[in-house]
Structure formats: structure tokens, C-alpha cells
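*Asks:* Structure in C-alpha cells, see below.
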Amino acid sequence: MHQPPGFEIPGKEGHICHLQLAIYGLKQAGRKWYELFRKTLGNIGFSRCQVEHAVFYQCDKDDYVIMAVDVDNLSIAGNTRSAIAKFKQQLYAKFKIKDLGELHWLLSIEVKRDCAAHTIAFSQAAYIERILCHFKLQDTNLLSMLMDPHHWLTKAQCLSTPCEYELMRGVPYQEAIGSLMYATLGTCPDIAFTVSFLSQFMQNPS
């Protein structure tokens with residue numbers, strides 16, 4: 001077994017090493033990073049949302065900044081550009097960061113801003129197109145309803161014979177439902193009932 005320099009496997013005469021720093025890639029590293037980042041934000045006047053622990057906010061007189069954290073990716077919003085610029089400078093002083101400019105994409109969700117109309121729109125069109133292409137459904141026709149109300153699935157229709165299991169082996173039913181779940185949580189709540197109903201047959205799809 002290869003041993004790193006200065007490391008001994010615990011045994012009768014061995015030693016147990018205590019790591020002073022979290023190693024990147026291990027499950028403890030994410031927690032250590034979050035603790036460090038939360039402490040840093042607290043030192044510059046940010047508070048953590050009690051409902052969503054990945055959201056932090058700061059209110060300073062008439063300025064406020066809200067920030068959402070996804071591991072080491074930050075999405076920042078504020079009521080003034082100066083408030084956002086001040087916060088970025090505070091981050092520059094603590095961490096090596098890269099400013100990617102205005103937010104256009106976030107977790108496969110497209111963000112469209114219309115400053116004149118004071119509106120923000122979210123779209124998962126590109127994500128849904130990828131789903132259709134992945135399952136080779138890009139040439140299918142549109143339906144006027146999400147689910148045929150006269151067609152019902154029951155557990156009695158689930159697979160029961162080796163032949164049926166073999167036929168379904170190449171049908172990515174679970175993968176398709178899982179892909180739709182993210183769209184449901186993101187920008188397509190209108191398909192929530194259909195996806196929830198079909199999810200009942202994930203273990204033994206018919």
C-alpha cells in the first residue's frame with residue numbers, strides 16, 4: 001500500500017494523524033468551506049436566512065444585498081449597483097474570485113431581464129430541448145393536454161413476467177421521470193400532477 005510521506009497506518013505502534021486542512025474532494029471539504037464562507041460573511045455584516053441556509057442578506061441603511069450560494073458559485077442581487085460593487089470588493093479582499101457579470105444562466109435555467117419594464121423571466125427551454133433530444137422525442141407532435149384523463153395506470157399493469165422485464169430493460173422510464181422532476185421544480189409547475197402520478201411507478205414501471 002502506498003503511503004504519503006509522514007503518514008503511518010494506525011496500529012499497535014502507529015500514529016493517528018489529525019489533518020489541519022480539509023482535503024479537496026472529500027465530503028468534509030464542502031462543510032469546511034461553508035463554515036469558512038459563512039463566518040466571513042458574518043464578519044462583513046451578512047445574515048443567513050433561517051429558512052434557506054444557502055441564502056444570505058445584508059441591510060445597510062437604504063441599501064440591501066441578497067446572495068444565493070451554490071457551492072462556490074454566487075448569485076448576487078441588490079437594490080443599487082454601488083451596494084453590489086461594495087460587496088464584491090469585500091469578497092475580493094478575502095477570496096480569489098472571478099466576476100462573470102450579469103446573471104444569464106443558473107443551474108440550467110435561463111434568466112432574462114428587462115430593465116425598462118422592471119421584469120425578470122426564467123426559462124428552461126434549452127434544458128427541455130436537451131431532454132427531448134436525449135430521448136429522441138424532438139420530432140413528436142404537441143398535445144393539447146398533459147395527460148389523457150381516460151387513460152389510467154394501476155399497479156396491476158406492472159411487470160410480472162421475465163419477458164415483460166426484458167422488454168422494459170431498454171426503456172429509460174425512471175431517467176425520463178427524473179429529468180422532468182427538475183423542470184417541474186424549476187419553471188414548469190403545470191406538469192407537477194402528471195409527473196407526480198407517473199412517479200408512483202418508478203420502482204416497477206409498466
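What follows is calculated from the coordinates using simple rules that are stated; it is not laboratory data. All values reported here derive from a predicted model rather than from experimental measurement. Every residue, glycine as well, gets a Cβ built from its backbone with ideal geometry; the counts of neighbours run over all protein chains shown.
*Asks:* Tell me, what ³J(HN,Hα) does each residue in region 113-124 have, in order and in whole Hz, if you take phi through Karplus 6.51 cos²θ - 1.76 cosθ + 1.60 with θ = phi - 60° and put x for Gly and Pro?
*Replies:* Working through the residues one at a time gives 10, 10, 5, 5, 8, 6, 10, 10, 10, 10, 9, 10 Hz.
*Asks:* Taking the chain as a Gaussian network, where each spring joins two C-alpha atoms under 10 Å apart, which residue of Val195, Val55, Val171 fluctuates the most?
*Replies:* Val171
*Asks:* Given a 10 angstrom Cα cut-off, can you work out which residue in Phe122, Phe56, Phe135 is the most mobile in a GNM of the chain?
*Replies:* Highest fluctuation of the listed residues: Phe135.
*Asks:* Would you list, by chain and number, the aspartates and glutamates whose Cα falls below 20 Å from the Cα of Lys155, excluding same-chain residues fewer than 8 positions away?
*Replies:* Partners found: Glu164, Glu166, Glu175.
*Asks:* Follow-up. Please say if region 90-133 is rounded, prolate or oblate, where rounded means a/c under 1.5 for a ≥ b ≥ c the square roots of the C-alpha gyration tensor eigenvalues, and otherwise the choice is prolate for a/b larger than b/c and oblate otherwise?
*Replies:* Oblate.
*Asks:* For region 42-107, what does the alpha-carbon gyration tensor say about shape, rounded, prolate or oblate, given a ≥ b ≥ c as the root eigenvalues, a/c under 1.5 as rounded, and a/b over b/c as prolate?
*Replies:* rounded
*Asks:* Cross-link candidates for Lys27: which aspartates and glutamates have Cα within less than 20 Å, leaving aside residues fewer than 8 places away along the same chain?
*Replies:* Of all the aspartates and glutamates, those that pass the test against Lys27 - Cα under 20 Å, at least 8 places apart if same chain - are Glu35, Asp70, Asp72.
*Asks:* Also: Taking every pair of Cα atoms in region 137-201, average 1/r, invert it to obtain the Kirkwood radius, and report Rg/Rh to two decimals.
*Replies:* A ratio of 0.99.
*Asks:* Based on the alpha carbons, how large is the Rg to Rh ratio for region 76-163 when Rh follows Kirkwood?
*Replies:* In region 76-163, Rg relative to Rh is 1.24.
*Asks:* Same structure, new question: As a test of the formula, what do you get for the chain when each DSSP H run with n ≥ 4 contributes -39,500 (n - 2.57) and the sum is divided by the residue count, at 222 nm and rounded to the nearest 500 deg cm²/dmol?
*Replies:* The per-residue figure over the chain is -10500 deg cm²/dmol.
*Asks:* For Cys115 and Ser82, what is the calculated FRET efficiency with R₀ set at 22 Å and r taken between the beta-carbons, to the nearest 0.05?
*Replies:* After rounding to 0.05, the efficiency reads 0.85.
*Asks:* If you don't mind, there's one more thing I want to ask. With the cut-off at 19 Å, tell me which of the pairs Lys61/Lys86; Lys61/Lys112; Lys39/Lys88; Lys39/Lys96; Lys88/Lys112; Lys86/Lys112 have Cα atoms farther apart than that.
*Replies:* Listed pairs above 19 Å: Lys61/Lys112; Lys88/Lys112; Lys86/Lys112.
*Asks:* Please report, in debye to the nearest 20, how large the charge dipole of the chain is about its Cα centre when each Lys and Arg carries +1 at its beta carbon and each Asp and Glu carries -1 there.
*Replies:* Magnitude of the dipole: close to 800 debye.
*Asks:* Counting only residues 5 or more places away or on other chains, whose amide H sits under 5 Å from the amide H of Asp63 once H atoms are built in the peptide plane?
*Replies:* none
*Asks:* Where is the GNM fluctuation largest for the chain (alpha-carbon springs, 10 angstrom cutoff): Val65, Val111, Val51?
*Replies:* Of Val65, Val111, Val51, the Gaussian network model singles out Val51 as fluctuating most.
*Asks:* Say each of Phe197 and Met181 gets a label point 7 Å from the Cα, pointing the same way as Cα to Cβ; how far apart are those two points in nm?
*Replies:* Those two pseudo-labels are separated by 1.9 nm.
*Asks:* From the square roots a ≥ b ≥ c of the eigenvalues of the alpha-carbon gyration tensor of the chain, which class results: rounded (a/c under 1.5), prolate (a/b over b/c), or oblate?
*Replies:* Oblate.
*Asks:* Starting from the Cα-Cα distance between His104 and Asp139, subtract it from 0.36 nm times their residue separation and give me the gain in nm to one decimal.
*Replies:* Length gained between His104 and Asp139: 9.8 nm.
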